[in-house]
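Here the structure comes first, spelled out in structure tokens, and everything after it is commentary.
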Amino acid sequence: MKICNSDPSSAARATGSIPTVATRTLIVGWDGADWDILDPLLERGDLPHLASLIARGSRGVSRSCLPSHSWAAWPTFLTGRDPAGHGVFDILEYRPGANRRMPVSWRSILAPTWPQRLSDANRTTLLVNVPLTYPPPQITGVAIAGGVIPQGSTFSHPADVGPALGWPINGGSWTTFRHRPLDLLADVERVTERRAAAMKRLMDEQPWDVACMVFVSPDRMQHCLLEYVHPGHPRHAEVAGGEVAERVRSVYRLLDRELGALLERTGADDLVMLMSDHGHQPCTRALNMNRVLEHLGVLTLGRGSGLVSLLAWGRLRSIARKVYDRLGLHGKVAVPTPPIDWSKTVAYTSVTSTGEGVSIALAGREPEGTVAPEDYERVRDEVAAKLLAFTDPATGRRPIGEVRKKEQVLSGPYLDRAPDLLLEAAPLYSLTHARQMVEEADWLSGDHRPEGIYVTAGPGIEPGRGPVISLADFAGRIVAAAGLEPDADWSRTADAEPVPVFTEDEEREVEERLRGLGYLE
Ligand SMILES: [Zn+2]
């Protein structure tokens with residue numbers, strides 16, 4: 001089953017008959033928002049603005065892509081392509097000539113984006129805080145970069161607009177506030193208020209055809225405070241009545257008020273969308289995927305560095321098929337952080353930030369890979385079966401809910417760089433954040449699941465329950481609402497490569513910040 005490819009017919013049912021040219025379009029992203037969390041808050045009356053948007057709009061589930069972390073998911077939103085279509089699979093990537101993996105950036109997105117498409121057609125876009133938009137795209141309108149941004153860098157386009165709005169506005173790093181929920185919440189609240197204030201001013205002062213802002217606060221809270229708002233968390237009943245729970249709910253009320261304030265700036269002829277890039281599910285146990293693979297007998301951690309081998313491998317490969325080799329060095333092979341004994345390894349974690357991807361150590365592709373091409377399918381099936389059968393010794397449960405082959409869930413010109421297997425956690429498990437093979441989740445109570453949300457309202461949209469759509473569907477809808485034909489072929493040539501963005505100091509700084517967000521060990 002393709003879960004991330006655009007299905008124009010379902011998108012059309014969900015978002016009104018295409019083409020409906022709206023006067024303007026407002027898109028509000030709530031990173032990680034999930035109906036299982038929002039519905040109880042709606043029932044309590046905590047989210048009146050969302051409730052009235054739902055009453056006049058179409059609500060439903062928007063399925064994320066795999067991997068579902070922000071750095072892969074938001075580019076899917078921006079390009080209408082799954083990760084094999086835009087080329088971003090992890091938080092770090094290889095670049096040609098580089099001797100280690102670099103943080104990904106806007107320039108790692110190797111497919112055209114809807115903000116660029118609108119800009120080319122002279123539509124004015126306000127693009128604010130969408131993850132992975134650093135360096136800010138030079139669009140018609142204003143772009144304020146989202147994601148992790150080096151200090152002192154130019155983070156907005158035009159360059160003076162961001163600082164004039166009080167940006168950079170940083171915070172919400174959930175791992176920084178370990179076991180200090182009230183401090184984290186105060187920080188998340190401050191960031192939400194200040195970013196919303198900047199967006200309101202921008203919408204008031206600048207002309208716009210499309211305005212898009214992402215609030216990352218739901219995701220940050222839901223990674224470590226999900227028990228307070230998710231009825232499916234085993235601790236929910238015990239903690240839902242306390243002070244922290246009330247403070248968490250108050251941040252959702254703040255998000256709702258700010259949603260209302262942005263909606264106030266639209267009219268009846270405008271298309272509005274609230275959406276998330278993925279949902280969240282409770283977790284009480286966490287995995288370390290490389291340790292799991294080691295336990296399953298398919299990976300041996302050892303001494304030595306994969307890096308040297310990688311470079312040697314790159315030189316070897318460059319003898320033949322030059323362009324293809326540049327791709328290979330760029331990101332097809334993701335050498336995991338801990339050193340690996342490649343002579344005793346057939347599979348390794350290739351989405352190291354979230355554990356959502358495992359790849360086969362294929363001879364001729366991975367450095368010192370030993371699995372012969374003719375054995376690839378058999379080995380991949382065996383590894384998939386072992387992962388699915390893997391049992392948590394402490395609970396007897398199976399932590400890995402789904403294992404899919406890349407070609408079953410992804411398509412596009414960068415499929416060869418994708419992890420060979422894509423994993424989804426079983427209920428109550430996270431595929432990352434553990435040091436041991438499996439351990440109790442500590443300052444971690446939620447992790448991503450594919451089922452995100454959408455609510456759309458505006459001209460031609462039937463109120464009521466809409467179908468399940470894909471995160472990749474929004475790009476075409478946004479472009480169509482602006483009166484443009486969605487591109488039939490939104491993909492660049494296969495030899496497109498990301499361009500160096502960060503200085504070495506900036507790379508270190510960005511990696512530090514990614515650590516703070518829980519993405520890097
Ligand atoms: Zn997240």
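The values are calculated or read from the model by the stated rules, or taken from the named source; none is laboratory data. These figures come from a predicted structure and were not determined experimentally. Note that each Cβ is placed from the backbone with ideal geometry, even for glycine, and that neighbours are counted across all protein chains shown.
Matching residues to (1) at pLDDT 95 or above; (2) more than 14 Å from the ligand (Cβ to nearest atom); (3) over 25 Å from VAL128 (Cβ atoms); (4) not aromatic (Phe, Trp, Tyr):
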| site | (1), (2), (3), (4) |
| --- | --- |
| PRO218 | yes, no, no, yes |
| LEU226 | yes, no, yes, yes |
| HIS236 | yes, yes, yes, yes |
| ARG257 | yes, yes, no, yes |
| ASP269 | no, yes, no, yes |
| VAL272 | yes, yes, no, yes |
| ARG285 | yes, yes, yes, yes |
| LEU293 | yes, yes, yes, yes |
| GLY297 | yes, yes, yes, yes |
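What number of residues in the stretch 5-41 are modelled with pLDDT of 95 or more, within 25 Å of the chain's Cα centre (by Cα) and either surrounded by fewer than 17 Cβ atoms within 10 Å (Cβ to Cβ) or not β-branched (Val, Ile, Thr) (or both)?
13
Considering the stretch 422-454 alone, what residues qualify as being touching a helix residue (DSSP H, G or I) at 6+ places or on another chain (Cβ under 8 Å) and assigned to a strand (DSSP E or B)?
Once the filter is applied, which keeps residues that are touching a helix residue (DSSP H, G or I) at 6+ places or on another chain (Cβ under 8 Å) and assigned to a strand (DSSP E or B), the stretch 422-454 yields LEU422, LEU423, VAL438, GLY446, ASP447, GLU451, ILE453, TYR454.
Answer yes if at least one residue in the stretch 407-414 is of a type in the set (S, T, N, Q), buried (at least 23 other Cβ atoms within 10 Å of the Cβ) and more than 23 Å from PRO231 (Cβ to Cβ), and no otherwise.
no
Going by what's in this entry, would PRO498 be described as of a type outside the set (D, E, K, R) and either within 16 Å of the ligand (Cβ to nearest atom) or at pLDDT below 90 (or both)?
Yes, satisfied.
Within the stretch 242-262, does at least one residue satisfy the condition of being part of a loop (DSSP other than H, G, I, E, B), out of contact with any helix residue (DSSP H, G or I) (no Cβ under 6 Å at 6 or more places or on another chain) and not assigned by TED's automatic domain parsing to the domain that holds GLU382?
Within the stretch 242-262, one or more residues are part of a loop (DSSP other than H, G, I, E, B), out of contact with any helix residue (DSSP H, G or I) (no Cβ under 6 Å at 6 or more places or on another chain) and not assigned by TED's automatic domain parsing to the domain that holds GLU382.
Which fully enclosed strands (runs of 3 or more DSSP E) of the stretch 117-229 have 1 or more residues being in contact with a Cys (Cβ under 6 Å, 6 or more places away or on another chain) and touching a residue at least 12 places away in the same chain (Cβ under 8 Å)?
Of the strands (runs of 3 or more DSSP E) lying wholly inside the stretch 117-229, those with at least 1 residues that are in contact with a Cys (Cβ under 6 Å, 6 or more places away or on another chain) and touching a residue at least 12 places away in the same chain (Cβ under 8 Å) span 125-128.
Can you tell me which residue in the stretch 49-93 is modelled with the highest pLDDT, limited to those that are among the hydroxyl-bearing types (Ser, Thr, Tyr), assigned to a helix (DSSP H, G or I) and within 16 Å of the ligand (Cβ to nearest atom)?
In this case the residue turns out to be THR76.
Restrict the check to the stretch 369-378 and report whether at least one residue is small (Gly, Ala, Ser), surrounded by 21 or more Cβ atoms within 10 Å (Cβ to Cβ) and in contact (Cβ under 8 Å) with a residue 12 or more places away in the chain.
yes
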